[in-house]
Each structure stands twice: as structure tokens, then as C-alpha cells.
Amino acid sequence: QVQLVESGGGLVQAGRSLRLSCAASGSIFSINTMGWYRQAPGKQRELVANINSSGGTDYADSVKGRFTISRDSAKNTVYLKMNTLRPEDTAVYYCNYRDRGRNAWGQGTQVTVSS
């Protein structure tokens, strides 16, 4: 099993920055992908960004150029630096881990951006 613990959410004004962290523990395979999804009220959960164990990244078009995902493989931790936040970035952000046979989710952390 894999457990994910997120931190770093909160309330911030538009234009400011936040950094989310997600620490994975348990049975971690060396080849994996970790990432962040978000879900706003009344909307489906959507990919924000992910990063694989080789460092390859993928971003939603809406966050390209503003958000940066990174990982510290030694700590099994993934980060999401969010710059120039917008009110439409308001959502619950969920950390995700997946490998060949498993898919795990964190409990979610609220990010609220005020205008």
C-alpha cells in the first residue's frame, strides 16, 4: 500500500504563490508517476501536473507557465509551486501516485484564491 500526505494549501490573494507538498510512504516502486489533480465545486477532477520517475512532466494547458511540478525521489515527495494564482485555480488539490499496478490518492488540500 501507498499512503500520501499533502500539505501547503490555504487562502491566498490572486497573483500570489503557494507551494503544495505530498509525501508518499509505504511500498514505493522506483518506477512511478506522481502528480496533482484538482476538483472545483460542481466540476470533474482534472489533471494539473504530473512527473514520472525519470523527471518527465505533463501540465494542464491552464497552468502552463504558472505552475511547476518537481520531485525529490530520495524523500518520495512531490511539490507543486503555483505562481500567479487566479480565482479559477480555487479547488481541492489531490496528490496522486501510480505505478504499474496501483493508483493511490491523498486526502486533498483546499486552495482558495480570492480576487
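Only the coordinates and a few stated rules stand behind these numbers; no lab work does. These figures come from a predicted structure and were not determined experimentally. Cβ coordinates were reconstructed from backbone atoms using ideal geometry, including for glycine residues, and neighbour counts include every protein chain displayed.
Brief remarks follow.
- Within the stretch 13-115: Cβ-based charge dipole about Cα centre, in debye rounded to nearest 20 (Lys, Arg +1; Asp, Glu -1): 100 debye
- Under 18 Å from the Cα of LYS64 - aspartates and glutamates, other chains or at least 8 residues apart: GLU46, GLU88, ASP89
- Amide proton proximity set for VAL48, modelled H, under 5 Å, gap of 5+: TRP36, TYR37, ARG38
- Here r is the Cβ-Cβ distance between ARG16 and LYS43 and R0 is 30 Å; the resulting FRET efficiency, rounded to 0.05, is 0.85.
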